[in-house]
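The values are calculated or read from the model by the stated rules, or taken from the named source; none is laboratory data. This is a predicted model, so every value here is computed, not measured. Cβ atoms come from the backbone with ideal geometry, glycine included; neighbour counts cover every protein chain shown.
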Amino acid sequence: MEANHVEVRHLTREDMTALRKASEQVYQDAPLLAWTEPVVNTLLTKFPEGQLCVCVDGKVVGCAFSLIIDYSKFSDDHTYDQIVTGFSFKNHDPNGDVLYGIEVFIHPDYRGLRLARRLYDARKELCENLNLRAIMAGGRMPNYNQYADKLSAKQFIDKVKVREIHDPVLSFQLANGFHVRKLLKGYLRGDTQSQEYATLLEWANIYYTKSVKLINAPKAEVRLGLVQWQMRNMKDINQLFEQMEFFVDAVSDYKSDFILFPELFAAPLMEHYNHLSVTESIRQLAKYTETIRDKFIEFAIAYNINIITGSMPYLIDGKLYNSGFLCRRDGSWEQYDKVHVTPAEKRNWAMTGGNKVRVFDTDCGKIGIMICYDVEFPEYARLLADQGMNILFVPFLTDTQNGYTRVRHCAMARAIENECYVAIAGAVGNLARVNNMDIQYAQSALFTPSDFAFPTTGIKAEATPNSEMLLVVDVDLDALKELHTHGSVNTMKDRRHDVYQLSLVKPLNT
């Protein structure tokens, strides 16, 4: 095929029809691999600069697709689907360090013009301009199937390296300055030509300059303070504030990053409304919620600590929610709601469940917050983990040991299932003059995954049952990163997305 003019440029939505035709020619034996318009639209929305095309005489005849990823979140044993996440591309991270190549193809009628080399040169230029440390990709070995009965995959790679064997993909990659970092097994499901093997390829950007963040760098060691709150009679809200500040002050003295209060810890103020029905009395308590929130914001700034306020009844547009607030030490704050209200909360208080399932960004990474009964629903926690949660905070309130056991064991399970830390904090004591809040049982604790880097029991620390106290404990976020890639088991990586999937009914961006 002759060419009068060749151009490499960024792909646009106007190129979609031509791209689709080229893709169908490349993948005519496997139509499901053809790049569809919705998939390419997602790429162009997330990372338009990373999607390149090559045109011959004005016609799009090939492309190179890429993402930016934070490679520390993956291991050298990843799969293609773990990178593209079912072609949702949610792993694209503008703050990442690696340009990951997810596709290069050339229309069969235009091969032999060295068009792929032009795309690779443009991709290298993009990597340099974005100051990324490397280009990485999983390279297929389409000719390996011809030698699989005689050579192991490693032997095949070695022979391609010394040019005893030619492979259209691997030989090309090596000629373009890539080196084989590792042999991958099971990289691309259904790739029979490569016997599902691939080479993990890397091209190092020699011009990369690592930027050093001198202040406000992400923390690996995070200190938590868990308040096991004593329910006691209080004459007014000022007495509540004094007790709140006592714990915030104490935890701050230990230079903690977070403090967690229990669910409905302000219930003692309901004593003043005990003459009303339980439905009405908790609505009276809800009138204090914004005032308490504002006091917590004040404490978060003054004591330089992120405060998770447990929960309080919150009346919004006539509906009563069980809500709390993340009060960051920079003065910003966000609300979270109990999604699953208990039968008793519906029956006695006419409470309504929230409908947002999301993680929160903090100066110590991404966290999740689930109120009491919520932790008994594994799907909820898994959706948070899929959004990058490292620490799950669970404020709770249980009256009996039966209820506490449910919360405790479910919290421990969530730590194992989602490879994260789970902190629970509850209230203890009695409220003799508050209807429906007579007794409480709690043992606050910090749970971990169960692997060699963590306590054998999965319990990092726990309070004395039914005693008012403060639990201060450190967690290591780097240990979680190591677990995600090199743990004895990999519950997050090994899920069978081809068999089952979990998704939000209402996406976060709607």
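Taking the criterion of being small (G, A, S) and either under 27 Å from R13 (Cα atoms) or assigned to a helix (DSSP H, G or I) (or both), the residues of segment 57-75 that qualify are G58, G62, A64, S66, S72. The set of residues in segment 302-346 that are over 22 Å from A267 (Cβ atoms), over 27 Å from the mean Cα position of the chain (by Cα) and β-branched (V, I, T) is empty.
So which of G138, G96, G101 is within 30 Å of H486 (Cβ to Cβ), modelled with pLDDT of 90 or more, assigned to a loop (DSSP other than H, G, I, E, B) and not β-branched (V, I, T)?
Working: G138 fails: assigned to a loop (DSSP other than H, G, I, E, B); G101 fails: assigned to a loop (DSSP other than H, G, I, E, B).
When all the criteria are applied, what remains is G96.
Within segment 104-135, the residues that satisfy the criterion of being in a strand (DSSP E or B) and within 20 Å of D191 (Cα to Cα) are V104, F105, I106. Answer with yes or no whether N490 is at positive phi and polar (S, T, N, Q). Taking the combined requirement at face value, the residue does not satisfy it. Mind checking whether some residue in segment 222-239 is surrounded by 14 or more Cβ atoms within 10 Å (Cβ to Cβ) and basic (K, R)? Yes, segment 222-239 contains a residue that is surrounded by 14 or more Cβ atoms within 10 Å (Cβ to Cβ) and basic (K, R). When A423, A413 are checked against the criterion of being under 20 Å from M469 (Cβ atoms) and either in contact with a strand residue (DSSP E or B) (Cβ under 7 Å, 6 or more places away or on another chain) or not aromatic (F, W, Y) (or both), a single residue qualifies: A423.
Considering only residues in segment 253-270 that are surrounded by fewer than 18 Cβ atoms within 10 Å (Cβ to Cβ) and either of a type outside the set (F, W, Y) or not assigned by TED's automatic domain parsing to the domain that holds D361 (or both), the one that is farthest from G429 (Cα to Cα) turns out to be K255.
Here is a yes/no grid of residues against (1) within 19 Å of K366 (Cα to Cα); (2) aromatic (F, W, Y); (3) surrounded by 24 or more Cβ atoms within 10 Å (Cβ to Cβ):
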{"site": "G403", "(1), (2), (3)": "no, no, no"}
{"site": "R406", "(1), (2), (3)": "no, no, no"}
{"site": "H409", "(1), (2), (3)": "no, no, no"}
{"site": "R414", "(1), (2), (3)": "yes, no, yes"}
{"site": "E417", "(1), (2), (3)": "yes, no, no"}
{"site": "Y421", "(1), (2), (3)": "yes, yes, yes"}
{"site": "L431", "(1), (2), (3)": "no, no, no"}
{"site": "I439", "(1), (2), (3)": "no, no, no"}
{"site": "S444", "(1), (2), (3)": "no, no, yes"}
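Across segment 84-98, which residue is surrounded by the most Cβ atoms within 10 Å (Cβ to Cβ) among those that are over 14 Å from N41 (Cα atoms) and of a type in the set (G, A, S)? Here the residue is G96. Scoring F172 on the criteria (1) more than 18 Å from I157 (Cβ to Cβ); (2) at pLDDT 90 or above; (3) not basic (K, R) leaves a single failure, condition (1).
Of note, A385 does not satisfy the criterion of being surrounded by 17 or more Cβ atoms within 10 Å (Cβ to Cβ), closer than 19 Å to A411 by Cβ and out of contact with any Cys (no Cβ under 7 Å at 6 or more places or on another chain).
Provide a single number: the residues in segment 275-301 that are hydrophobic (A, V, I, L, M, F, W, C) and either closer than 22 Å to G318 by Cβ or outside the structural domain of P262 (by TED's automatic domain parsing) (or both). Full working, then the answer.
Quick first cut of segment 275-301, residues hydrophobic (A, V, I, L, M, F, W, C) only: 276, 278, 282, 285-286, 292, 296-297, 299-301.
Next, only the ones that are either closer than 22 Å to G318 by Cβ or outside the structural domain of P262 (by TED's automatic domain parsing) (or both) stay: 276, 278, 282, 285-286, 292.
The number of residues fulfilling the criteria is 6.
Check every one of the strands (runs of 3 or more DSSP E) wholly within segment 163-256 and list those with 3 or more residues that are more than 30 Å from the chain's Cα centre (by Cα). Give the derivation first.
Working: elements: 179-185, 197-204, 221-231.
Strands (runs of 3 or more DSSP E) meeting the threshold: 221-231.
The number of residues in segment 363-388 that are at pLDDT 95 or above, under 17 Å from the mean Cα position of the chain (by Cα) and not in a helix (DSSP H, G or I) comes to 4. L320: among the hydrophobic types (A, V, I, L, M, F, W, C) and either modelled with pLDDT under 95 or buried (at least 19 other Cβ atoms within 10 Å of the Cβ) (or both), yes or no? Spelling it out, L320 is indeed among the hydrophobic types (A, V, I, L, M, F, W, C) and either modelled with pLDDT under 95 or buried (at least 19 other Cβ atoms within 10 Å of the Cβ) (or both).
Total residues in segment 76-88 satisfying the condition of being more than 15 Å from L183 (Cβ to Cβ) and part of a loop (DSSP other than H, G, I, E, B): the figure is 4.
Listed by first and then second residue, the pairs linking a residue in segment 474-498 that is not assigned by TED's automatic domain parsing to the domain that holds V251 to a residue that is in a helix (DSSP H, G or I) and modelled with pLDDT of 90 or more, with Cβ atoms under 6 Å apart and 6 or more places separating them unless they lie on different chains, are T491/E417. Applying the condition of being in contact with a Pro (Cβ under 7 Å, 6 or more places away or on another chain) and hydroxyl-bearing (S, T, Y) to segment 282-324 and asking which residue is nearest to R358 (Cα to Cα) yields S311.
Surrounded by fewer than 17 Cβ atoms within 10 Å (Cβ to Cβ), modelled with pLDDT of 95 or more and either touching a Cys at 6+ places or on another chain (Cβ under 8 Å) or over 20 Å from G225 (Cβ atoms) (or both): does that describe P343?
Values: surrounded by fewer than 17 Cβ atoms within 10 Å (Cβ to Cβ): yes; modelled with pLDDT of 95 or more: yes; either touching a Cys at 6+ places or on another chain (Cβ under 8 Å) or over 20 Å from G225 (Cβ atoms) (or both): yes.
Against the criterion (surrounded by fewer than 17 Cβ atoms within 10 Å (Cβ to Cβ), modelled with pLDDT of 95 or more and either touching a Cys at 6+ places or on another chain (Cβ under 8 Å) or over 20 Å from G225 (Cβ atoms) (or both)), P343 qualifies.
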